[in-house]
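Single-structure report; data block below.
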Amino acid sequence: MHAPVLVLKDSLKRESGNKVHYGNIQASKAVADIIRTTLGPRSMLKMLLDATGGIVVTNDGNAILRELDIAHPAAKSMIELSRTQDEEVGDGTTSVIVLAGEMLHVAEAFIDKNYHPTVICRAYNKALEDAIAVLDKIAVTVDVKDRASMLGLVKSSIGTKFTSQFGDLIADLAIDATTTVGVDLGQGLREVDIKKYIKVEKVPGGQLEDSMVLKGVMFNKDVVAPGKMRRKILNPRIILLDCPLEYKKGENQTNAELLREEDWSVLLKIEEEYVENLCMQILKFRPDLVITEKGLSDLACHYLSKAGVSAIRRLRKTDNNRIAKACGAVIVNRPDELQESDVGTGAGLFEVKKIGDEYFAFIVDCKDPKACTVLLRGASKDLLNEVERNLQDAMSVARNIIKNPKLVPGGGATELTVSAMLKLRSSSIEGIEKWPYEAAAIAFEAIPRTLAQNCGVNVIRTMTALQGKHANGENAWIGIDGNTGEIADMEERKIWDSYTVKAQAFKTAIEASCMLLRIDDIVSGIKKKQAPGASQGPSKPKIEEEGDADNEQMIPE
């Protein structure tokens, strides 16, 4: 008589653990639904109001999610995924969220049937290993030195972005910039540091077609004394300093007691001689341009301009490092330690130009620059910001290809192949892990399905036709053309993806969904604000009951 009651109690207890799972899954699906429409070339744009009241118009998954203010902890960890993807490979930020959301969605059915989350995670991890193996099998190697194939790849990767309407422009800029700053590490490896050595300078005005990659660097500074110093120098000898060219003040407060009037003039003379001595040590090397990160006094300016040397002061350290890489100079800490080898002679031209109402200094035509500046021109600030975001993605794709020159088919073809292969393999898996494994295979189809939805074609027909073509893991290159919605050969249409981006997206999505599935309780350690006059008792961390997990407001109104 008592046995059924015990069973009932047990299922109630299990249900309370499931509530948290459902809350997490719903929150993750809500985040995925926000940016689902931004996947693919025919995607929608989102207009965001940022914290400062400015407007951002973009379809970059990471840029959208960055601006969201969400309270639910599971939704926050989903947003973290797109940031990780952006930092690691720079592209695929939308795909990773859509995929993770779908993985959690298909897991919901198994949690209903009281599968243990560890079993589901084990099956997912097995599916991930097999998916990466399929990727390795269908990947093709590309020749990094062949500019046409590189251009095609970068173009297809940023074909989903807003700037794809400007043709090859952004892809050209990205390839030029990344090939310029690439450094050979030996053994066929190349290092490309985008953050350090590529500076994107946005100047409103002009046309987007005027944008270019400079063979050198530019920065927003003018010479110290415009009337006396030259603003255009051919083949300049450049000295870079990070010390002040002015009289050194004492480290701590110094009191000098002068008894005679002449001592005052001696003191001033010592200061002048110190500055003159600094300048003479620099002028010994016959420079044409002296750049310092610190201050430069009027007296030093006088000595330098008298010798026909142009000077720029208070430059950013990052800019100084880029100039050093571009013209071959070495940044010197003390003028008395200067050597001939520290002088940069690699630049072909130093020029100060006025763009709009600001002055910019250009150090260009460098012989073998290892740093560069991308100058972007455009009609408005919003346009320039979006172009810059797209350019960052394009440069990341170019960097990934230079580091790991492998391609996989785009347009959802890769995901369909992976899905078909996993479905075939699922029949050989024993035990209850078989079903979650098969569900993971179906989840991969979320990417081509979303692409079809965003094109506006008949989703069911398109997906059935695609699944038919991929039925036994054949036709790995058959996918969906995101512009027209047609089923086509991706190799013919030149729609490719970087292997690194795909592999990273799969890993991030599956590992994150496993982590969220293994959460069975949300414990809040945040103190609730007490009403005035309420007793100030010791506050305890609050454990959320099953009713609370779904009450969190997931998405701002």
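The values are calculated or read from the model by the stated rules, or taken from the named source; none is laboratory data. Just so it is clear, the model here is predicted, and its values are computed rather than measured. Note: ideal-geometry Cβ built from the backbone for every residue, glycine included; neighbour counts use all protein chains shown. The protein model used for the area step is the full one, side chains on, heavy atoms only, and it has no ligands, DNA or RNA in it. Shrake-Rupley method; radii C 1.70, N 1.55, O 1.52, S 1.80 Å.
Scan segment 143-196 residue by residue and report those that are open to solvent by less than 50 Å² (accessible area, probe 1.4 Å) and in a strand (DSSP E or B). Result: Gly186, single match.
hydroxyl-bearing (Ser, Thr, Tyr) and farther than 18 Å from Lys202 by Cβ, is that true of Thr373? Judged against the criteria, Thr373 is not a match. Of all residues in segment 50-80, exactly one satisfies the criterion of being under 22 Å from Lys19 (Cβ atoms) and touching a Lys or Arg at 6+ places or on another chain (Cβ under 8 Å), namely Ile70.
Mind checking whether some residue in segment 346-361 is under 21 Å from Asn235 (Cβ atoms) and hydroxyl-bearing (Ser, Thr, Tyr)?
No, there is no match, as no residue in segment 346-361 is under 21 Å from Asn235 (Cβ atoms) and hydroxyl-bearing (Ser, Thr, Tyr).
Would you confirm whether or not segment 384-391 contains a residue that is in contact (Cβ under 8 Å) with a residue 60 or more places away in the chain, in contact with a Cys (Cβ under 8 Å, 6 or more places away or on another chain), aliphatic (A, V, I, L, M) and on the phi < 0 side of the Ramachandran plot? Within segment 384-391, none of the residues are in contact (Cβ under 8 Å) with a residue 60 or more places away in the chain, in contact with a Cys (Cβ under 8 Å, 6 or more places away or on another chain), aliphatic (A, V, I, L, M) and on the phi < 0 side of the Ramachandran plot.
Could you please let me know if Val343 is in contact with an Asp or Glu (Cβ under 8 Å, 6 or more places away or on another chain) and at pLDDT 90 or above? Before the answer, list the steps.
Details: in contact with an Asp or Glu (Cβ under 8 Å, 6 or more places away or on another chain): no; at pLDDT 90 or above: yes.
Spelling it out, it is not the case that Val343 is in contact with an Asp or Glu (Cβ under 8 Å, 6 or more places away or on another chain) and at pLDDT 90 or above.
For segment 18-41, give me each residue that is in a loop (DSSP other than H, G, I, E, B) and either within 16 Å of Leu516 (Cβ to Cβ) or open to solvent by less than 10 Å² (accessible area, probe 1.4 Å) (or both). Correct list: Thr38, Gly40.
Name the residues in segment 366-375 that are over 20 Å from the mean Cα position of the chain (by Cα) and crowded, with 24+ Cβ neighbours inside 10 Å, would you? Cys366, Pro369, listed by residue number.
The residues on offer are Arg260, Arg313, Arg334, and the sole one that is touching a Lys or Arg at 6+ places or on another chain (Cβ under 8 Å) and not polar (S, T, N, Q) is Arg313. Selection of first residues in segment 199-219 that are closer than 9 Å to Gly378 by Cβ and of second residues that are modelled with pLDDT under 90 and among the acidic types (Asp, Glu), restricted to Cβ pairs under 9 Å at least 6 apart or on distinct chains, gives the following pairs, ordered by first then second residue: Lys202/Glu388; Val203/Glu358.
Selection of first residues in segment 319-344 that are among the β-branched types (Val, Ile, Thr) and of second residues that are open to solvent by 10 Å² or more (accessible area, probe 1.4 Å) and not in a loop (DSSP other than H, G, I, E, B), restricted to Cβ pairs under 8 Å at least 6 apart or on distinct chains, gives the following pairs, ordered by first then second residue: Val330/Ala324; Val330/Ser341; Val330/Asp342; Ile331/Asn321; Ile331/Ala324; Val332/Asp342. The residues of segment 376-392 that are open to solvent by less than 10 Å² (accessible area, probe 1.4 Å) and either of a type in the set (Asp, Glu) or not in a helix (DSSP H, G or I) (or both), listed by number, are Leu376, Gly378, Glu386. Considering segment 220-235, the residues that are open to solvent by 70 Å² or more (accessible area, probe 1.4 Å) and in contact (Cβ under 8 Å) with a residue 40 or more places away in the chain include one that is nearest to Ser310 (Cα to Cα), namely Arg230. Number of residues in segment 161-196 that are in contact with a Pro (Cβ under 9 Å, 6 or more places away or on another chain) and of a type outside the set (Lys, Arg) equals 3. Note on segment 123-142: residues that are in contact with a Phe, Trp or Tyr (Cβ under 9 Å, 6 or more places away or on another chain) and in a helix (DSSP H, G or I) total 11. Restricting attention to segment 390-427, the residues being in contact with a Ser or Thr (Cβ under 6 Å, 6 or more places away or on another chain) and under 18 Å from Val56 (Cα atoms) number 1. From the list Gly328, Gly348, which one is in contact with a strand residue (DSSP E or B) (Cβ under 9 Å, 6 or more places away or on another chain) and at positive phi? Going through Gly328, Gly348 in turn, just one is in contact with a strand residue (DSSP E or B) (Cβ under 9 Å, 6 or more places away or on another chain) and at positive phi: Gly328.
Is segment 236-258 home to any residue that is open to solvent by 10 Å² or more (accessible area, probe 1.4 Å), under 30 Å from Phe362 (Cα atoms) and either aliphatic (A, V, I, L, M) or in contact with a Pro (Cβ under 6 Å, 6 or more places away or on another chain) (or both)? Among the residues of segment 236-258, at least one is open to solvent by 10 Å² or more (accessible area, probe 1.4 Å), under 30 Å from Phe362 (Cα atoms) and either aliphatic (A, V, I, L, M) or in contact with a Pro (Cβ under 6 Å, 6 or more places away or on another chain) (or both), which makes the answer yes.
Looking only at segment 92-122, residues that are within 18 Å of Trp435 (Cα to Cα), of a type in the set (Ser, Thr, Tyr) and assigned to a helix (DSSP H, G or I) come to 1 in all.
Can you tell which of Ile519, Ile526 is modelled with pLDDT under 75 and in a loop (DSSP other than H, G, I, E, B)?
Values: Ile519 fails: modelled with pLDDT under 75.
The match here is Ile526.
Within segment 288-304, is there a residue that is in contact with a Phe, Trp or Tyr (Cβ under 8 Å, 6 or more places away or on another chain), open to solvent by 10 Å² or more (accessible area, probe 1.4 Å) and under 26 Å from Tyr247 (Cα atoms)? Yes.
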